[in-house]
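See below for the structure under consideration.
What follows is calculated from the coordinates using simple rules that are stated; it is not laboratory data. Source: prediction; values computed, not measured. A quick note on method: Cβ atoms are made from the backbone with ideal geometry, for glycine too, and the neighbour counts reach across all protein chains shown.
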Amino acid sequence: MTLRSQRWFLGDDDVGLEHRAAMRATGVEIHAGDDRPVIGILNSFSELNPCNMPLRGLAASVKQGVWAAGGVAVEVPTMSLGEDLMKPTAMLYRNLMAMEVEETLRSHPLDGIVLLGNCDKTVPAQLMGAASANLPTIVVTGGYRRPGLFRGTQVGAGTDLWKFWDERRAGRLGDDEWRGLEAAMGCTQGACNVMGTAMTMAILVETLGLMLPGSSTLPFDDTRLGAAAADSGRTIVQLVRDDVRPSDILTAAAFGNAMRALAAVGGSTNAIVHLCAIAGRRGIALPLASFDEAAAQVPLLVDVAPVGRQHIAAFDAAGGVPTLLAQLDRVLDHDVITVHGRLVPAETMHPAPDSAIRSFDDPVGPVAGLAVLRGTLAPDGAVLKAAAASPQLLRHTGPAVVFHNYADMLARVDDPDLPVTPDSVLVLRGCGPRGGDGFPEWGMIPIPKKLASAGVTDMVRISDARMSGTSYGTCILHVAPDSAGGGPLGLVADGDLIWLDAATRRLDLVVADDELDRRRAQLAPQPRRHLRGWPALYDRHVLQAPEGADFDFLRPASPDELVFVEPVVGRS
């Protein structure tokens, strides 16, 4: 076969010589007749991102596998998107990293790629770019962190932090204990060890078929992870030789399987946005209704926080994704291919009773993991992690308490004079794709302090923002269109009645149409928040949540735009 990289290296002219000399200078010798595939190892390691720090060691294992299989391994650094330290949100830069990945692949002599990612937005960004570039691809993630100990129990994720922060705000957690929690939560590297966005996306990437079986849910320091990285290096060389590309793997059937797995694990609502974005790069539409249809087919089968009791280690011990897929076998579409050829390995184990992975006959709970809502408040849809909500609030009518933006919420939510009761519906707007500096994770609005102190632990909360996959509560998210995009959320006033009925998938603003028309006519035009740089480009081109908050110019408008446009290989 003719390798893509040979366009750079085969020529017996000044251009070919220059390219081979450049590789020689890096320590890799390539000859004019070389038929070894060049594999790019895209490494998002960063010392500002503790989730991705294990990737430094895994890159070496991948290289060993590539060289052993007869390939040429080159490590390429990329952006590293970490939720811990990037502000206002790593989501602001997901599309930038996706563009960086795509253009890195377009402009360099690479035949196949190994994506090294871990934290929430890194893996989706890499996959969006790789889906557009459509070079043979395999994914290696960096594993989850080991939990620390606090008050004799395991902690190590946002789920634990939010609960103890509520205790802190209510005056039940002192300074010494607060410092002890900090030490317990910062004791190891790796991704969050519950079913947050990072682990949800890793599980879904394995389900989609772009990871080796069982490799998505290993701890960061497990020797199996290094072995899987080396095996991934060997596998990508064969994928290049067999010309297996993301377009072969990322099909509508594969995304259908991923949506069913998402429902079964009670995964992060962020995964809906990311799956829509990745599918959109291949010209595949994933309507929000399809997520609801998938959830209706599948009960909650995984007992992992925040919707369950256990950590991700229990999911791995129960057999990980292969065992999960075995339980889902009756609803999966088997007309798919993966990087290892089969959807479910024949040797799949079956879960033991009361393990972290359950069967259809013994689900974790009766409520579907996710629900998609529509109504006068969300004409284009909104998302609820139903399994993490309070059952008594899934049907609720209450008066709105409106926060106009995140700063307004922070300034007033703990005001003792805030006119709020446990029946109120907290509304936060100005935080969606068009208005929130990157679609931040602000949707888990804190319970007002005076209510939290009185023992209130949950309320109906509605926003056009996202929320962390480690969060919980009756939080309705991604209301579309967002308020900055002209959605009805921007018209809600204090005291307006809001009706939620999760069973019928309704979310309605109980206000007369003529009154809403009057309010709409009085809205003042919103000035542009950003005038230059990346945030300005983001504001001008970002799509709404149901389109994955991708950029309008990055989604193919026709089959012709799915074709990867190769660069002219000549003098630079």
* To do: For each pair in LYS121/LYS449; LYS63/LYS87; LYS385/LYS450, compute the distance between the two Cα atoms and list the pairs where it is over 28 Å.
  => LYS121/LYS449; LYS63/LYS87
* To do: Compare the Cα positions of GLY487, MET444, ALA454 along the charge dipole of the stretch 371-522 (+1 at Cβ of Lys, Arg; -1 at Cβ of Asp, Glu; about the Cα centre) and return the one farthest towards the positive end.
  => MET444
* Structure fact -> Between ALA352 and VAL510, Cβ-based FRET efficiency (R0 45 Å, step 0.05) works out to 0.40
* To do: Any chance you could give the angle, 0 to 90 degrees and rounded to 10, that helix 122-133 forms with the longest Cα principal axis of the chain?
  => 50 degrees
* To do: List the relative contact order of the stretch 179-289 as a percent without decimals, with contacts defined as Cα pairs under 8 Å and 6+ residues apart.
  => 30 percent
* Asked: Picking from LEU181, MET1, LEU208, whose Cα lies most toward the positive end of the charge dipole for the chain (charges on Cβ: Lys, Arg +1; Asp, Glu -1)?
  -> LEU181
* Structure fact -> HN-Hα couplings for the stretch 140-148 via Karplus (6.51, -1.76, 1.60; θ = phi - 60°), in whole Hz with x for Gly/Pro, come out as 10, 9, x, x, 9, 6, 6, x, x
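Where the only charges are on Cβ atoms (+1 Lys, Arg; -1 Asp, Glu), what is the dipole of the chain about its Cα centre, to the nearest 20 debye? Mind dumping the intermediate values first?
Values: 51 positive and 67 negative charges, 97 e Å.
That gives a dipole near 460 debye.
Just want the ordering: LYS385, LYS450, from fewest to most Cβ atoms lying within 10 Å of their own Cβ.
On the way: LYS385 25, LYS450 15.
The fewest-first ordering by Cβ neighbours comes to LYS450, LYS385.
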* Structure fact -> Listing SER80, SER424 by rising number of other beta-carbon atoms within 10 angstrom, fewest first, gives SER424, SER80
* Contact order normalised by residue count of the chain, Cα under 8 Å, 6+ apart, percent -> 14 percent
* How large is the charge dipole for the stretch 371-522, taken about the Cα centre, if only the Cβ atoms of Lys, Arg (+1) and Asp, Glu (-1) carry charge, to the nearest 20 debye? -> 360 debye
* Structure fact -> Per-residue Cβ contact counts at 10 Å, fewest first, order VAL244, VAL139 as VAL244, VAL139
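Between ASP423 and LEU85, what length comes free when the chain is fully extended (0.36 nm per residue of separation minus the Cα-Cα distance, one decimal in nm)? Display every interim value, and only then the final one.
Working: separation 338, 0.36 × 338 = 121.68 nm, distance 3.48 nm.
Taking ASP423 through LEU85 to full extension adds about 118.2 nm, to one decimal.
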* Given charges at Cβ of Lys, Arg, Asp, Glu: the chain dipole, positive-most of SER463, ASN405, ASN270 -> ASN405
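Kindly work out what percent of the DSSP beta bridges joining two residues of the stretch 371-522 are antiparallel, to the nearest 5.
On the way: 16 of 27 bridges.
Around 60 percent antiparallel, to the nearest 5.
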